[in-house]
Structure formats: C-alpha cells, structure tokens
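Take a look at the following structure, please.
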Amino acid sequence: MVRRGVEEGRPALTELWCAASLLIIAVGGIALGRSPRGTPIVYTASLAVCVLACATALTRLLAGASPATLALPVGVPWIGAHFRVDALAAFFLIVVNLGGAITSLYALGYGRHETSPLRVLPFYPAFLAAMNLVVCADDAFTFLLSWELMSLVSWAIVMAHHREPANLRAGYIYLVMASFGTLCLLLAFGLLAGAHGDYAFATIRATRPSTIVAAFAVVLALLGAGSKAGLVPLHVWLPLAHPAAPSHVSALLSGVMTKVGIYGFIRIVFDLIGDPTPWSGLVVLALGGVTAVLGVLYALMQHDLKRLLAYHTVENIGIIFIGLGLALAFRANGMNWAAALALIAGLFHVFNHSVFKSLLFFGAGAVLVATGERDMERLGGLIHRMPKTAVAFLIGCIAISALPPLNGFVSEWLTFQAILISPQLPQLGLKLMVPAVGALLALSAALAAACFVKAYGVTFLGRPRTDAATSAHEVDNWSLTAMFVLAALCVLAGVLPGFVIDALAPVAKDLVADVMPRQAGVPWLSIVPIAESRSSYNGLIILAFMISSASLTAGVIHRFATRATRRSDIWDCGFPLASPHTQYTSSSFAMPIRRVFATTVFGMHEIVDMPAPGDMRAGHFQVRVFDPAWRFAYGPLARFVGGAATRLNRLQFLTIRRYLTLVFCALIVLLLVVAAWR
Amino acid sequence: MALITDLGLQALQMFLVVVIAPFVLGVTRKVKARLLRRVGPPLLQPYRDLWKLMHKEAVIARNASWLYRVVPYVVFAVTWVAAALVPTYATGLLFSWSADLIALVALLGTARFALALAGLDVGTSFGGIGSSREMMIASLAEPAMLLIVFTVALIAGTTQLSSIASIFVSAPPGLRVSLGLALFALMFVGIAENARIPIDNPATHLELTMVHEAMVLEYSGRHLAMIEAAAALKLMAYFSLIACLFLPYGMAMTDKSQTAIAIGIASYLAKILMLAILLPIGETSVAKMRVFRYPIFLGGAFAAAALAVFLLFVSRGF
C-alpha cells in the first residue's frame, strides 16, 4: 500500500452525522409507522440525508482530500469505534447514498401502496444507515457490527410480507447465508488481526500477513463478501430474497447492498491484505467468469420480472469480479498501470450497475403497482398504457445489455481493454484463464441482450395478455422522476465516461498505486485507457452520429418521399390470430437459448403431454430447470445436515447413567487432546 | 482548412458505403442467380426496390407503438454509423478513433437489439419466432466475433481498426495460424449475422425456419425500405471489415493526396466486388441448416476463434 497508518484529515463527521440521522429517522419510523403521514415524512427525511451524504462524499472524492478519520468512545470498552473515509469509502458512499436518495424519491410515490408500512418504515432508514456505517468503519468490530446490522435489517424488510410462504423460505435462506457470510468475515478478520488481536484496520494494514494467512483470508473474504454480493455458488439467497422485498427495497438490495459486499471484498483484499499473489487473481477471475455466464443464463430462464432482475444482478457481480480479478493479477505482477485500468473498469461497473439495476427494479415496481403482476407471461402491451415508464425501462434495458452509447457498455469495454493487456502476464495459468474469461464475458454480454429483449418485449410490447395488463395505468410522478433521473445518469455516464474515470483516480492511486491516464485533456471528450494508438472510445460522438443520421434520414424520407401512413389489422402472413395467447411468451422466447445452453448446464427437461388427435383433454407443457448449485452443493448439504440431526436425535432420549458416561468420555478425550497438544 | 478536408474525407467514407451498399447486394444476387442458371435481376434492382418502398404508404398494425415506427430509423442510423467507422479507402480519418473494433461489434448489437424489440412489438407469433431466434444466433455469434477481435487486436497490439490496418500494411504479420483461424471464424460469423445461407435465407418469405425476415414481417413502405437498407449496410460493414483486416492493401495511409485516395477507393471497390462474388459462390454450394444445427456451425466459429486467442496468449509467434 502506498499510505499506511493513520493520516490526519478533516474528521469524518458529516458522514457519521448522516448515518446517525438515518438511525434517528428509523426510530421516528416506529412512531410514525401507523400514521398515514409517516410514509412521506420518513422518505423525505431519508432523501434529504442521503443527498447530503452523497454530496459530501462526492466533494471528498473530487477534491482528492486525504482520508478523514474519527474515533468514537462507543462500542467495545477501551477500543472504541474507528471510522475512516478514504477515496474508496467515498466512492462507495456515493453509490450507497445516490441509490438511497433516488430510492427514497421513488418511495415517496411507491411507498403509498405499502399495505403494512410499519414493517418497512423503521427498517428502511436503518438499512441505509447500516450500509453507510459499513463503508465508514475502520476497525473490524465496527465493520462486522454494521455488516450484521445491515443483514438483519434488510432481512426484516425482506420479511415485510411474511404471510406469503415463498417469502418465508426466502427469508430463511437469506438469514442462513448472511450468517454464513458474517462468520467467514469474522474468521478473516481474526486471521488478519493475528495473535495480538488488534482489530483496528490501521494496524492490520500496517502488518504484512504471512502467505498462508493471506491465502486463507482471501478465501474467507471471497466467501463472506461474495455471499453478500452473490458470487456463484453463494448466490442462492439473492433471487429469492431480492424479489420478496417491496420494489424500492429490492432496488436497494440488488443495486446497492451487493455493492457493499464488493466494498467488503476490495477493502479486505486490496487494502488490508495488500500485495496479492497471482493465484488469488486466478481464483477471482474464474469465479467472476462463471458467475457472469451462469447468472445471465439463470435470468433468461425466469418469467417473474423481479426474479429475472435479481438473477441478472448475479451476472453483473461476475463482471465486476472479473475486473477485480484482473486487477489482482496485474498488481501481483507489478503491472500497476494495468491494475488501475482493471480496477477502474470494475468500479465503474459498480456505479453503472447500481444505477441501471435500481432503474429496472423501479420499473418492475411500477408495473407491479399498475397491474398487480410480476409474472411477465401475464403482462404485455404496457408501452401503450404506461408510456413514460416504458421509456425509462427501455433506457435501463439498453444500458444493462452493455450496448453503446449508454454506460453499461463503457465499463465492459474497459474490462475488455484490460483483458487485452493480459498476455503480458507471466504465469501460464493466468495466460490460459484470461482468454477463457474473456470468452465468458463476451458470451454473457450477448446473452444479457437476449435476456432484456425478452424482459422488455414480453412485458411492454405486444398485446396485453390479461385484463390486469389491459387496465394498467401510468404511475405517480415521484416514481417517474426517480426513474428518469436514473435514466439520465445512464446516458450521462455513457457519453461522458471520462469524468467518472478521472473521479475514480484517487481510489486506484490508493489501492494499486497507479492511475489511468487523465481523461480530462483528451480532445473531443473521448476516453483513452492506455494510449490513443491502442484504443479509444467516444460515446458522445457515437450518440451524436446516431441521432443526426437517424433524424436526417427520417427528415429526408418524410420530406421527399412520403409520410403517408395507414393503420390496419395485423398482417402476420395473412393469418392473424385474435387471441393474445398466440404471442411469444417469456418461456417460448427463451426456448432456443434454453435448448442450446441449458440442456447440459441446468439439466433441463421439457415434458410435452400432447393429447392424441380426437382427444379433447388439454395438452400440457412443462419445463424443468435445475439450479446446479442446489443440486450439487446445497441439496446434498441440507440432506447431510438433516440426516445427521435425525441420527443425533437419539441422544435426546438417553438415561441419566448414559449421559454421565458420555460426559466422562468427553472429558477423557479432551484431556488426551490437551496432553497430546502439549 | 485542414479540419474541413478531414471532415470531407470522413463524409466521403460515410456516403460511399451508403451509396454502394445496394449495388453490392445487387451483385451478390446477380451472381447467385447466374450460378443457379437464372438470368437474375438487374444490378441496380436494389436501388429501385428501395425507391419503390420509400414512396409507398406505410401500413402499420393498429396496436403498433411508437417504438415500431422509430426502430427502422434507429437500426439504419446505427448500422450506418458502424459501417462508416470501418476504414474503407483510407485509414486515420477524422472520427476513426471514436469507436474501436469492440465498439463496432457492440454497435451492430445495438441495431440488432432494436430490431428484435420491434419484432415483438405487434405481438404476432412470427415476430416472436424471428426475434427469439435472432437473439439465439447473436448469443452464439457475438462471443465468436469478440474472440476474433481479440485475435487481431493481440497481433496488432491495438483495437483501433485504423491502426490495425496501418500496422498490417507497414509491418505485415505474415501468414499466421491465428489469423487464418480468425478469418475462417469471421466468415462464419458474417454469414450468420447477415442472415445468409446456411443460417438463414434472405430470399425467402414463407419458410418456417426463417429468422430475419420473420422478425420484420409486419413492416412495409418506408420503414421496410430502411430495414432493407440497413441489412445492405450491415453486409457492407462486414465486407469492409474483412477487407480492412485481412486485405488492407491499397488504402490511403499517411498520404492523403488525390491519387492516393483514388487508388484507395479503386482498391476498396475491387475488394468489395471480390467478396460480393465469393459470398454467393459459397452460398450456392451448401444447403440451408435446421435451426438447432446453428450451434454446431457457430460453435465451429467460436472454437476456431478461441483457439486463435489461446495460441496468442501462449505465444505471440502464432
């Protein structure tokens, strides 16, 4: 690390006051929960605090200020709670509070539809506060406490509608996975703190762990932070829990909390451990590549809109981890300039994903409010009934499919540029892994486009499939404003990526001791990651070209050819079928891709029950898709635990003599162990 | 003054591709017809078709949304931008740096995304089948395409098409295994992306296996003209790409004098004509495939490109 130890700077007071205010709002939420005015008050207050926190973090990041620290005499006696806001924390504070602010704006409209506000209002600000505290924490105790608070509070919101059986299961699995994650992080910090047990990050940062300890800590950080972020195979809770929450909280869970997981990983692996080894890059890369492809394939198989979005988060986490893995690999080989590029690609994707995934969850929430449906196969034609939501959702779909000129493309493009540097890496394992990961990344980008053509096409285009979709209505202006703010961010970050890259420079400087070339001076606002002769991209010019050539063409044709238009029946080759059920549905759209990819990966079965000619009973079609993570990891594990518990159950019904014997034997064994140990 | 010259050269490339694209399509159709012992349509027929379609009234389904009417122009514009950014007769044009090879592939992806959405807009089963299959083909072709990009980028050390072309001319990489594999894969991908036989049949309208034509079945009039023009431009973009990457000879490089530009344009036209004659020869020698055999075809391209990239990662000598 470049800078070790505690530096003096402006105390991190504003950030902590914001977190404290959010906690106070949470307490107020308990009091106001039953009042009809509680919802607007809580969300307006959260909005104000988040805007303040975001602005503070933004000025801190842009000013390149030295880290601000603060120690409070709360928490464990004689140790206290340490807080520190450096460039990395400031960036993640922007992500958290931007997401929090816009979610609060959205919730001003959406929250009115909440049937049980008392189950959401107290937890929502507390959730935001906990995420802020995780990012600010500067000792392991504060970090873990905030992390656990974040998990528990978000679990409480996931369980807001606890009477639905699916939500109960989601909450249970979430709780198990969250506890597992925290346990792993606890062990990681324990290892890093060593025998002396100083849990302040400054001390951990200053001591260099031995190779074995560092290796274990990296693996534990991957498990702990990866389970929060949704790395395959630790992703299983995510597609269950994220859709179960109210939609604005789903946006926070998917768009923001997964990023806090990534923050945890970066903080531990890049900052606290430091000096990575090549194999850690290799492992992270492999996991990232597999996560990206499996995530998007899972998403393609879904027909519940919110669950599709949640699965798709898994893909984006994979893309971010590919960037981080490359950064580790480059850093391990001393190629700091390349590590800066890969790290910034990953962090840029963190920002992008938080923006467009929140936007898409807001859109799904709007659809849910307007129709009461999450199942895409019961929607359709919403572009006519909800035109504004349809525009915002479309921008989100283009952005998340990594298509130019929007922001998703820029971060993937930067990741590809980092991949193209990697033949310079000396290790053969990395040389073989990186192109494979590049192919997986390309595959996941193409599948993401297919996934969002499906999501948008089946939900918003075509003809309405049910009465609910026919009678949908546009949502309120708060929700629409929130969606359009995010859509504007997607466009801005896509056409002016140079500003984002420059803003991220201090983070890269801290973590990998180098920065990307400064983009501000590049002519025409292009971005040049390495050198102009090597690669450059200019979203602004592309967008300007696209708009000008499209309007030029349309203008010329309308002016000089014809603009005559006639509305008529559907053509459909002369045989239009009146029933909207003859349209392609979500599962029929995914069928070719399902057959190509899912037969082997997911053990897909299609069961067709077609009645014989003349038989009047209905035909049936069923698709079965198995999640390999459940099939090969969690299923056997759950069976083993269940089986072991059943066997051990006999121990409950012994006589007192046998219990005494057991205790005695246990004592003997323990004494023998102690004797052997010494 | 220099800026105006540069802008002019860029505009020349932009209009060159759009003007000759229908002609190139006419050549492929003519050659194909001759190979099938038919007379075939005149070489200028695609222009007449476009002219006719542009002047016809557009018939739109009652439930079509604004998206349906906007998409043809978007698809045309995006494909045009992509085709105009591939160096044709000269390298180092004014805006050649605004999108590299990866961005070009993604731009074509944007056009495809828009068209696939339009296929779903009216809500017919034909549109759905077309969109669904188009995205399936894209999900197989795009990774192969990006691996091809990796191959040439690793050899040239850059993803800028302009720089790749100049590097390949000034320091020829010679006969490389990886470049051969990449060319092979690029031809396969180009065939799939442009809906040519054996993946799709551009001449069919009523066949169950059709992809692209099913997707745009509802379109008529000026909208259809835009989509047809975009398809011709996409073919041009792929031809220009093959010409620029594998036959970059004759392009005007640093010297932008009139003779150099004339040579550049002449050589470009010759290369494009050669490809336009080779494509139908390939097409007539194979039969159309079943839909679920596409993964084998495109998997071959993917495997070839992946092999090329792996070879380059192991040693720069391949």
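If I filter the range A:343-359 for residues that are more than 19 Å from B:F113 (Cβ to Cβ), part of a helix (DSSP H, G or I), within 13 Å of chain B (Cβ to nearest Cβ) and within 20 Å of the chain's Cα centre (by Cα), do I get at least one hit?
yes
Right, A:G380: within 10 Å of another protein chain (Cβ to nearest Cβ), of a type outside the set (F, W, Y) and surrounded by 24 or more Cβ atoms within 10 Å (Cβ to Cβ) or not? Full working, then the answer.
Working: within 10 Å of another protein chain (Cβ to nearest Cβ): yes; of a type outside the set (F, W, Y): yes; surrounded by 24 or more Cβ atoms within 10 Å (Cβ to Cβ): yes.
Spelling it out, A:G380 is indeed within 10 Å of another protein chain (Cβ to nearest Cβ), of a type outside the set (F, W, Y) and surrounded by 24 or more Cβ atoms within 10 Å (Cβ to Cβ).
Please go through the range A:548-568 and pick out each residue that is more than 7 Å from chain B (Cβ to nearest Cβ) and surrounded by 11 or more Cβ atoms within 10 Å (Cβ to Cβ).
Taking the range A:548-568 first, the residues more than 7 Å from chain B (Cβ to nearest Cβ) are A:548, A:551-552, A:555-556, A:558-560, A:563.
Within the range A:548-568, A:S548, A:S551, A:L552, A:G555, A:V556, A:H558, A:R563 meet the criteria.
I would also like to ask the following. Note down all Cβ pairs under 6 Å where the first residue falls in the range B:90-101 and is under 13 Å from A:S536 (Cβ atoms), the second is polar (S, T, N, Q) and assigned to a loop (DSSP other than H, G, I, E, B), and they're at least six residues apart or on different chains.
Going by the 6 Å Cβ cut-off, the qualifying pairs are B:W97/A:S536; B:S98/A:N538; B:D100/A:S535; B:D100/B:T159; B:D100/B:Q160; B:L101/B:T159.
Going by the structure shown, is B:F150 within 30 Å of A:I527 (Cβ to Cβ), at pLDDT 95 or above, buried (at least 24 other Cβ atoms within 10 Å of the Cβ) and facing another protein chain (nearest Cβ under 7 Å)?
Working: within 30 Å of A:I527 (Cβ to Cβ): yes; at pLDDT 95 or above: no; buried (at least 24 other Cβ atoms within 10 Å of the Cβ): yes; facing another protein chain (nearest Cβ under 7 Å): yes.
Criteria not met by B:F150.
Is the range A:457-475 home to any residue that is touching a strand residue (DSSP E or B) at 6+ places or on another chain (Cβ under 8 Å), facing chain B (nearest Cβ under 8 Å) and either crowded, with 24+ Cβ neighbours inside 10 Å or modelled with pLDDT under 95 (or both)? Steps first, please.
We begin by selecting, within the range A:457-475, every residue touching a strand residue (DSSP E or B) at 6+ places or on another chain (Cβ under 8 Å); these are none.
There is no residue in the range A:457-475 that is touching a strand residue (DSSP E or B) at 6+ places or on another chain (Cβ under 8 Å), facing chain B (nearest Cβ under 8 Å) and either crowded, with 24+ Cβ neighbours inside 10 Å or modelled with pLDDT under 95 (or both).
Taking the range A:401-423 only, how many residues are more than 7 Å from chain B (Cβ to nearest Cβ) and without any contact (Cβ under 8 Å) to a residue 12 or more places away in the chain?
Residues meeting the conditions: 0.
If you go through the range A:579-613, how many residues are at negative phi and away from chain B (no Cβ under 11 Å)?
Residues in the range A:579-613 being at negative phi and away from chain B (no Cβ under 11 Å): 14 in total.
If you don't mind, another one. Being within 12 Å of another protein chain (Cβ to nearest Cβ) and either under 21 Å from the mean Cα position of the chain (by Cα) or buried (at least 23 other Cβ atoms within 10 Å of the Cβ) (or both) is true for just one of B:L233, B:L269, B:L279, B:L275. Which residue is that? It would help to see each step written out before you state the result.
Working: B:L269 fails: within 12 Å of another protein chain (Cβ to nearest Cβ); B:L279 fails: within 12 Å of another protein chain (Cβ to nearest Cβ); B:L275 fails: within 12 Å of another protein chain (Cβ to nearest Cβ).
The conditions single out B:L233.
Also: Report yes if A:M616 is out of contact with any strand residue (DSSP E or B) (no Cβ under 9 Å at 6 or more places or on another chain) and away from chain B (no Cβ under 14 Å), otherwise no. Steps first, answer last, please.
On the way: out of contact with any strand residue (DSSP E or B) (no Cβ under 9 Å at 6 or more places or on another chain): yes; away from chain B (no Cβ under 14 Å): yes.
Spelling it out, A:M616 is indeed out of contact with any strand residue (DSSP E or B) (no Cβ under 9 Å at 6 or more places or on another chain) and away from chain B (no Cβ under 14 Å).
Suppose we keep only residues that are facing another protein chain (nearest Cβ under 10 Å) and closer than 22 Å to B:P173 by Cβ within the range B:282-306. Which one would you say is surrounded by the fewest Cβ atoms within 10 Å (Cβ to Cβ)?
Top of the filtered list is B:A306.
Limited to the range A:569-578, what total is found for residues that are more than 7 Å from every other protein chain (Cβ to nearest Cβ) and part of a helix (DSSP H, G or I)?
1
Residues B:V105, B:V81, B:V70, B:V75: which one is free of Cβ contacts under 8 Å to residues at least 12 places away in the same chain and either within 12 Å of chain A (Cβ to nearest Cβ) or not β-branched (V, I, T) (or both)? Lay out the reasoning, then the answer.
Details: B:V105 fails: free of Cβ contacts under 8 Å to residues at least 12 places away in the same chain; B:V81 fails: free of Cβ contacts under 8 Å to residues at least 12 places away in the same chain; B:V75 fails: free of Cβ contacts under 8 Å to residues at least 12 places away in the same chain.
So the residue among B:V105, B:V81, B:V70, B:V75 that is free of Cβ contacts under 8 Å to residues at least 12 places away in the same chain and either within 12 Å of chain A (Cβ to nearest Cβ) or not β-branched (V, I, T) (or both) is B:V70.
Count, please, the residues in the range B:147-206 that happen to be among the β-branched types (V, I, T), within 23 Å of B:G264 (Cα to Cα) and assigned to a loop (DSSP other than H, G, I, E, B). Spell out how you get there, then give the answer.
Within the range B:147-206, the subset among the β-branched types (V, I, T) is B:148-149, B:151-152, B:155, B:158-159, B:164, B:167, B:169, B:177, B:189, B:191, B:197, B:199, B:204.
Restricting the remaining residues to those that are within 23 Å of B:G264 (Cα to Cα) gives B:152, B:158-159, B:164, B:167, B:169.
Next, from what is left, pick out any that are assigned to a loop (DSSP other than H, G, I, E, B): B:158-159.
Count: 2.
Now for a separate question. Hey, among the residues in the range B:44-63 that are among the aliphatic types (A, V, I, L, M) and more than 7 Å from chain A (Cβ to nearest Cβ), which one's surrounded by the fewest Cβ atoms within 10 Å (Cβ to Cβ)?
Of the residues in the range B:44-63, the ones among the aliphatic types (A, V, I, L, M) are B:44, B:50, B:53-54, B:58-61.
Restricting the remaining residues to those that are more than 7 Å from chain A (Cβ to nearest Cβ) gives B:44, B:50, B:53.
Values: B:L44: 11, B:L50: 21, B:L53: 21.
Applying the filter and picking the extreme gives B:L44.
Scan A:L324, A:L343, A:L300 and give me the residue that is buried (at least 24 other Cβ atoms within 10 Å of the Cβ), at pLDDT below 95 and not assigned by TED's automatic domain parsing to the domain that holds A:M591. Before you say what the answer is, go through the steps one by one.
Values: A:L324 fails: at pLDDT below 95; A:L343 fails: at pLDDT below 95.
From the options A:L324, A:L343, A:L300, the qualifying one is A:L300.
The values are calculated or read from the model by the stated rules, or taken from the named source; none is laboratory data. In this text the structure is predicted, and so the values were computed from the model without any measurement. Neighbour counts run over all protein chains shown; Cβ positions are idealised from the backbone, glycine included.
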